[in-house]
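Only the coordinates and a few stated rules stand behind these numbers; no lab work does. The shown structure was predicted, so the numbers you read here are calculated from the model rather than taken from an experiment. Every residue, glycine among them, receives a Cβ derived from its backbone with ideal geometry; neighbour counts consider all protein chains shown.
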Amino acid sequence: MNVLLSGDPPFTHELAALFQGAGHQVTLWDLGNDPGQLPAADLAVDVHHRDRAAKRRFVQLLDQLPEALLLTSALPVSVTEAASWSQAPDRVVGFGVVPPLGETGLVELAPGLQTAPQALEEAQAFWRGVGYQPVQVQEGPGLVRMRVIACLVNEAASALLEGVATAQDLDTAMRLGANYPHGPLAWADQLGLETVLAVLEGLQAEWGEDRYRPSPLLRRMVLAGKLGKQTGEGFFVWEEQ
C-alpha cells in the first residue's frame, strides 16, 4: 500500500518506521512541496498537531485523492471538524497513538459524524495489518490517552511552576509512587510540548472549562521553542541521540 504521511515529529518518524516495517511504501509530505506533485496514495495519514492551519491545508490537499482513506490524528480537533474540511468527509477516520510507539500495540480509532462504516472498517484492517490492536472510542480532542496524559502533564507543569518540587522529583514521585511508565514531565518531552499544548487548547475550545486551561509555564516553553526531546530541551535537557 502507498501511504502519504505528513505532520509533526516524533509522530511522523515513528509512524513511518512502523508502516515501512509492515511492508508499506511511505512518502513523507512537506506542505512546502508543490501541490501539483502530490503522489498517488491509497492511504493518507495526518499528524499535524500544533499548526491548525497546516492540518486543514493537508486535509484539503487530499481532495486530489478522493479515493484515498484519510487517517487524521484526532488530538487537537474533533474528527468531525477535520472531516468538514474535506470534500470527501466520509473517508476520514480519526486515530490516536502515543509515542514511543514501541511501548504499546494499541491505536484508538474514532469516527466522525460523517465517517462511513466502510472507512472505519478499512482503518481497523490497516492497523491490524501493522500489528496494532484498534479500539473504537468516541471522538473529541485527545481521545482517551492523550486527553488524560495532557491533563496530567498540565498539572505537573503547574506544580513545577509553583515550586512544589523539582522536575526530577515530580517525575520520580509519579513513576515510583503511582507506577506510571514515565514521569509526566519526561513523557511530555517525548511527546513534544507543542502536542500537549495543542490537546489542552483543543479540549478548552471544545468544552470551555478552566480545568483544561494550559499552564503558563507550558505555554512559555512552547513559545521559547523548548519542545522536548526533538529540540534537545524541554522540562529536561536531552543529549543528542
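Dipole of the chain, Cα-centred, from +1 at each Lys and Arg C-beta and -1 at each Asp and Glu C-beta, to the nearest 20 debye?
About 240 debye.
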(message) I need the calculated FRET efficiency for the pair V237 and T104, taking r as the beta carbon distance and R₀ as 41 Å, to the nearest 0.05.
(response) 0.95
(request) Report the relative contact order of the stretch 145-223, percent, no decimals, based on alpha-carbon pairs under 8 angstrom and at least 6 residues apart. (result) 36
(message) As an exercise, find the ratio Rg/Rh for the stretch 23-159 from alpha-carbon atoms, using the Kirkwood inverse-distance average for Rh.
(response) 0.97
(request) Starting at the first residue of the stretch 5-10, write each ³J(HN,Hα) from the Karplus equation 6.51 cos²θ - 1.76 cosθ + 1.60 with θ = phi - 60°, in whole Hz, x for Gly and Pro. (result) 10, 8, x, 9, x, x
(request) Output the relative contact order of the chain, whole-number percent, from Cα pairs under 8 angstrom with separation of 6+ residues. (result) 16
(message) 7 Å from Cα along Cα→Cβ at both D90 and D30: what's the point-to-point distance in nm?
(response) 3.7
(request) Give me the net charge of R147's neighbourhood, meaning all other residues with Cβ under 11 Å from the Cβ of R147; Lys, Arg count +1, Asp, Glu -1. (result) -1
(message) So if I take the alpha carbon set of the stretch 145-223, get Rg, then get Rh from the Kirkwood formula, what is the Rg over Rh ratio?
(response) 0.95
(request) Enumerate the amide H contacts of V107 below 5 Å, restricted to partners 5 or more residues apart or on another chain; note that Pro and chain-start residues carry no placed amide H. (result) Q133, V135
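Order these peptides, 2-10, 206-214, 21-29, by their mean beta-carbon neighbour count within 10 angstrom, highest first.
2-10, 21-29, 206-214
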(message) Two decimals, Cα atoms only, Kirkwood Rh: what is Rg/Rh over the stretch 97-241?
(response) 1.01
(request) Order the peptides 33-39, 105-111 from the highest to the lowest mean number of other Cβ atoms within 10 Å of their residues. (result) 105-111, 33-39
(request) Compute the relative contact order of the stretch 2-136 as a whole-number percentage, counting only Cα pairs closer than 8 Å that sit 6 or more residues apart in sequence. (result) 21
(request) Report the dimensions of the stretch 80-130 along its three principal axes from the alpha-carbon atoms, largest first, rounded to Å. (result) 35, 19, 14
(request) Could you check the simple spin-label distance between D51 and V135, using points 7 Å along Cα→Cβ, in nm with one decimal? (result) 3.2
